[in-house]
Amino acid sequence: MGSFDRSVSLKQTRWTVTGAAGFIGSNLVEGLLSLDQDVVGVDNFSTGHRENLEKVLAKIRPEQQRRFTFVEGDIQSPEVCRKACRGASAVLHHAAVVSVPFSVEHPTLTFDVNSKGFINILDAARAEGSRVVYASSSAVYGDLPGLPKTEESPVAPISPYGLSKRDNELWGALYWQSYGVPTVGLRYFNIFGPRQDPKGAYAAVVAAWMNSLKKGRPGTVYGDGSNTRGFCHVRNVVEANILAGTTERKDAFGQVFNISSGSPVGLLDLYDVIRSVTGQRGEETNPLFAPKRLGDVLHSAADISKAERVLGFVPHVSLEEGLADLAREDG
């Protein structure tokens, strides 16, 4: 898995992963089980897929499979959260409405799941004495000028999704300050990797383009393609979660950390890289252009020095390496 293997395997730990059947959640389950950890997964399959968990369990040893317990349920239910978090040393919270366009269309549902659901998780963790590592997002920064973004940069979310993630950060800090619940927020910058859903109107750009180009079809660029993004392979995210879930530094608690890797890349440049790794360079795979979507941020780039300094986070998988691996795996 990576350089963190030795530290996490020193002590047997029980982890809860919410959103376990989703993209990031299933990769977290796989990483933890491969390190012989006990894992409880929870998901209601609103966006996650049973197939993701089946693929994870098929890749690991039988004795590791037996360390996995699954709770089917919704984090909007306090009872489900209590059941899932029972006995957990650390909760890795990734159950959420994760699509910016979907959140724009469904702001009330986004609030109910992302904000109220998170409070249910915090309350369950408080009762169990668990640590909570939760997924935040670069969407909290909005479109304010000034790159790269540091954790001290102003925040101004421009979508219900981004606002819900900023809400999570405030609640996370409050639960540490007021109730002593150790919380660590990870602001993700455009995560990609295996088991990311390539289908539907809200698919993330790497997954959608990789899926189309592997089939010899063009991908769709929303806007003129001048947007820039920092991208991060999901294996780096697994490492960040384990580091946050095991750190003994109290100055990490109640804090948020940017999680990204490499320099930002323009979307048209990214499209060309994916065309290259998939071997699709013909005119028939030239990108299609569509209007810019409401809530999409124009430019995004992260300074990760705080995560490096406090958590010891160093991304080991580059954008190019991750895209090449993904093209081979999907092939």
**Item:** Cut-off of 10 Å, at most 14 other beta carbons, DSSP loop: longest stretch of the chain lacking such GluC sites (Glu not before Pro)
**Value:** 1-151
**Message:** With Kirkwood's inverse mean 1/r over C-alpha pairs for Rh, give me the Rg to Rh ratio of the stretch 270-331, two decimals please.
**Reply:** 1.09
**Message:** Given a 1.4 angstrom probe, what's the average accessible area per residue across the chain, in square angstrom?
**Reply:** 43 Å²
**Request:** With the full set of protein chains in place, find how many percent of the accessible area of the chain is carbon and sulfur; take the probe as 1.4 Å.
**Result:** 51 percent
**Asked** What percentages, rounded to whole numbers, describe P(r) for the stretch 145-215 computed over all alpha carbon pairs with 10 Å bin width beginning at zero?
**Response** 15, 33, 31, 17, 3, 0
**Complete:** Taking only C-alpha positions in the stretch 9-68, Rg and Dmax in angstrom work out to 10.7, 35
**Request:** Compute log10 of I(q)/I(0) for the stretch 224-304 with the Debye formula, placing one identical point scatterer on every Cα and leaving out solvent, at q = 0.11, 0.27 Å⁻¹, to two decimals.
**Result:** -0.46, -1.29
**Fill in**
The size of the Cβ-based charge dipole (Lys, Arg +1; Asp, Glu -1) of the chain about the Cα centre, to the nearest 20 debye, is 500 debye
**Message:** So I have [x] 19.9; [y] 15.1; [z] 17.1, and one of them is mean projected area of the Cα convex hull in nm² calculated from this model. Which one is it?
**Reply:** [y]
**Fill in**
For the stretch 163-322, the Cα-Cα pair-distance distribution in 10 Å bins from 0, as whole percents, is 10, 34, 32, 17, 7, 1
**Item:** chymotrypsin sites (Phe, Trp or Tyr not before Pro) restricted to the stretch 41-131 and DSSP loop, no more than 14 other C-beta within 10 Å
**Value:** PHE45
**Fill in**
In whole Å, largest first, the alpha carbons of the stretch 72-129 cover along the principal axes 37, 20, 17
**Item:** Debye equation applied to the C-alpha atoms of the stretch 35-187, log10 I(q)/I(0) at 0.12, 0.18 Å⁻¹
**Value:** -0.56, -1.12
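The values are calculated or read from the model by the stated rules, or taken from the named source; none is laboratory data. All of these numbers come straight from a predicted model, not from anything done at the bench. All Cβ positions, even for glycine, are placed from backbone atoms using ideal geometry, and neighbour counts span all protein chains on display. Note: areas computed on protein heavy atoms with side chains; ligands, DNA, RNA excluded. Shrake-Rupley method; radii C 1.70, N 1.55, O 1.52, S 1.80 Å.
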